[in-house]
Amino acid sequence: MAYVFSHRPAPGVDSTVYEEALRRFHAALASAPSKGFVSSVTYRIGDGYSDWYLVESSAALDSLNAAAISGMRTPAHDAAARMAVDGSGKLLSLDSGELPQGPGFEIRFAKPAGVSYAELYARLEPWTSRPAVSLWRRMMVLGPPPEFCMVAPSALDLPVEMRPEVVGREPI
């Protein structure tokens with residue numbers, strides 16, 4: 001699973017300083033991982049950022065939440081949080097493929113009305129069967145739409161009825 005937190009620097013905050021604060025925070029998380037925490041990384045997406053926190057299960061979120069703001073991680077968390085605005089989060093479950101690595105694209109899309117999940121997954125097979133492509137589904141309507149996010153090393157053209165939004169991402 002992945003907890004994805006989207007945010008951007010507050011007006012007047014230098015992006016270089018912001019990115020360095022984010023790197024320090026993720027390094028602090030990795031140096032003393034909480035139970036169920038796998039890894040985390042921040043991606044630059046347009047004029048904002050998305051932190052991807054990979055966890056073993058949703059049960060790991062309580063431990064991650066507590067760990068992120070406590071102990072040796074507190075100063076790194078607080079420094080980054082003071083510079084951030086417009087935060088929103090969502091919980092995604094890995095439906096297929098490999099975990100995201102490196103730069104690439106997020107293709108955010110919606111299931112067309114009247115299409116079953118089984119039919120949607122079958123229609124997505126030409127894309128999801130490719131190497132380094134992963135398909136993520138928003139859990140329990142937690143977080144903003146759309147419901148799906150495909151992560152791929154290159155931009156993918158999904159059918160227009162899925163209303164795809166293709167955004168580039170670069171790890172900081």
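VAL38 to THR16: extension gain in nm, 0.36 nm per residue of separation minus the Cα-Cα distance?
5.3 nm
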Inset, instruction - Using a cut-off of 13 Å between beta-carbons, work out the net charge of the residues near SER39 (Lys and Arg +1, Asp and Glu -1, SER39 not included). - result: -2
Legend entry - Within-14-Å neighbourhood charge of PRO11 [Cβ basis; K, R +1; D, E -1]: -1
Inset, instruction - Tell me the label-point distance for the pair ASN65, ASP47, using the 7 Å Cα-to-Cβ offset, in nm and rounded to one decimal. - result: 3.1 nm
Inset, instruction - Between SER31 and ALA155, take the C-beta separation as r, use R0 = 41 Å, and let me know the FRET efficiency to the nearest 0.05. - result: 0.75
Legend entry - Environment charge at SER96 (Cβ cut-off 10 Å; Lys +1, Arg +1, Asp -1, Glu -1): -2
Legend entry - Residues of region 139-172 with amide N under 12 Å of the 7 Å Cα→Cβ point at ARG130: 150-159
Inset, instruction - Can you tell me which of 90-102, 65-77 comes out highest on packing, and rank the rest after it, using the mean Cβ neighbours within 10 Å? - result: 90-102, 65-77
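When the Kirkwood radius is taken over all Cα pairs of region 2-92, what Stokes-Einstein diffusion coefficient follows at 10 °C and 1.306 mPa s, in µm²/s?
Stokes-Einstein gives a translational diffusion coefficient of 121 µm²/s.
Rg/Rh for region 29-150 to two decimals, with Rh computed the Kirkwood way over all alpha-carbon pairs.
0.99
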Inset, instruction - Report the equivalent ellipsoid semi-axes for region 80-172 in whole Å, largest first, defined as the square roots of five times the eigenvalues of the gyration tensor built from alpha carbon atoms. - result: 23, 17, 12
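Throughout, read-outs are computed from the coordinates displayed, never taken from laboratory work. Model, not experiment: these values are computed from the prediction. Don't worry about glycine lacking a Cβ; one is built from the backbone with ideal geometry, like all the others, and counts go over all protein chains shown.
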